[in-house]
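Everything on this sheet refers to the single structure shown next.
The values are calculated or read from the model by the stated rules, or taken from the named source; none is laboratory data. Note that the structure is a prediction, hence the values are computed from the model and not measured. Neighbour counts run over all protein chains shown; Cβ positions are idealised from the backbone, glycine included. SASA here: full protein model, heavy atoms, side chains in, ligands and nucleic acids out. Shrake-Rupley method; radii C 1.70, N 1.55, O 1.52, S 1.80 Å.
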Amino acid sequence: MLEIKDLSFRYSRHSPMVLQGVDLVLKDGEIGILLGKNGSGKTTLFKNILCIQKPQGGSIRFDGEDLLKMKRQERARRVAYVPQSIHFGALSVFDTVLMGRVSYFGYKAGKEDEDAVWAILRDMRLEDYAARNVEQLSGGERQKIAIARALAQEPRLLVFDEPTGNLDIANEQLILSEAQRVAKEKNIGILTSLHDLNQALDLGDRFFFMKDGQIRHTGGPEIVTEAVIREIFDAEVRIVEIEGKKIIINGGQKT
Ligand code: ADP
């Protein structure tokens, strides 16, 4: 589905390269997680995938087609962004989600668009929220509406930048399980970044460890090792396995 090859990017001619030789492949329905220190280039990579920034070199393809050369509407049907928080003013939940379909209806929404919104609200158990004002919802609920709005675009890939950044633990769980459900039930790919390595292990199918604008390690849970975490984060951790599941414990060697 998504195939990034040898991507390079810098913010201006005089600034250093922020992305260098980035290769990344994500298949339909896969959850890919970018892991790396602050400043390693995760957000910049998302901005390139979303065509907010234009790379200096390399390619971003979707099913073999060049994402950078697509019209906005075509791109919207492939990749949707889920912001950490939605600020559209005092709109109802229904209208907020309907806005996700703007690439389908242009100026005026039709019955098809409204039906599509109802289907998403039903599926996400948000029907009772339809008439409520988004501004009056909690952070977790707003994030869920942001997912609903992105899904209204009928994309194949959702891009989330730190989805749990502003949320308490219950809402974190709500959003991560919703992301997992969307990927597995709807076969929609997810590319996200997370700070919590245990959350990442719970959620991810593929991991992309970034350092200084490069992806240094790519693979399944088997690549998440103490040595890789030391290299990428300069942090000591210990990894234990319980019932086949890896758990990361802070402060590995200092026992
Ligand atoms: P991350 O998401 O991993 O924290 P970013 O992609 O935000 O990393 O940042 C990568 C590098 O790009 C950092 O060195 C950061 O200072 C730089 N950077 C980010 N945004 C801009 C910008 N708008 N202009 C110039 N440099 C930027």
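A search for C-beta distances below 7 Å between a residue of segment 21-43 that is more than 20 Å from T164 (Cβ to Cβ) and among the aromatic types (F, W, Y) and any residue that is within 15 Å of the ligand (Cβ to nearest atom) and open to solvent by 70 Å² or more (accessible area, probe 1.4 Å), counting only pairs 6+ apart in sequence or on different chains, returns nothing. Is it fair to say L191 is within 16 Å of the ligand (Cβ to nearest atom), under 18 Å from M1 (Cα atoms), surrounded by 21 or more Cβ atoms within 10 Å (Cβ to Cβ) and not β-branched (V, I, T)? It is true that L191 is within 16 Å of the ligand (Cβ to nearest atom), under 18 Å from M1 (Cα atoms), surrounded by 21 or more Cβ atoms within 10 Å (Cβ to Cβ) and not β-branched (V, I, T). Note on segment 138-152: residues that are modelled with pLDDT of 90 or more and either among the hydrophobic types (A, V, I, L, M, F, W, C) or surrounded by fewer than 21 Cβ atoms within 10 Å (Cβ to Cβ) (or both) total 7.
The residues of segment 69-83 that are touching a residue at least 12 places away in the same chain (Cβ under 8 Å) and either closer than 16 Å to K211 by Cα or open to solvent by 80 Å² or more (accessible area, probe 1.4 Å) (or both), listed by number, are R72, Q73, R77, Y81. In the set S59, S92, only one residue is touching a helix residue (DSSP H, G or I) at 6+ places or on another chain (Cβ under 9 Å) and over 24 Å from Q143 (Cβ atoms); that residue is S59.
Here is the figure for segment 222-255: residues that are open to solvent by 50 Å² or more (accessible area, probe 1.4 Å) and touching a Leu at 6+ places or on another chain (Cβ under 6 Å) total 0.
Scan segment 197-217 residue by residue and report those that are open to solvent by 60 Å² or more (accessible area, probe 1.4 Å) and either more than 15 Å from the ligand (Cβ to nearest atom) or touching a residue at least 60 places away in the same chain (Cβ under 8 Å) (or both). Answer for segment 197-217, where residues must be open to solvent by 60 Å² or more (accessible area, probe 1.4 Å) and either more than 15 Å from the ligand (Cβ to nearest atom) or touching a residue at least 60 places away in the same chain (Cβ under 8 Å) (or both): D202, R206, D212, Q214.
Does D168 satisfy the condition of being modelled with pLDDT of 95 or more, more than 20 Å from S40 (Cα to Cα) and open to solvent by 30 Å² or more (accessible area, probe 1.4 Å)? So D168 fails the test. Anything in segment 155-172 that is closer than 15 Å to M124 by Cβ and more than 15 Å from the chain's Cα centre (by Cα)? List them, or say none. Once the filter is applied, which keeps residues that are closer than 15 Å to M124 by Cβ and more than 15 Å from the chain's Cα centre (by Cα), segment 155-172 yields only N171. Restricting attention to segment 84-115, the residues that are open to solvent by 50 Å² or more (accessible area, probe 1.4 Å), within 20 Å of V159 (Cβ to Cβ) and in a loop (DSSP other than H, G, I, E, B) add up to 3.
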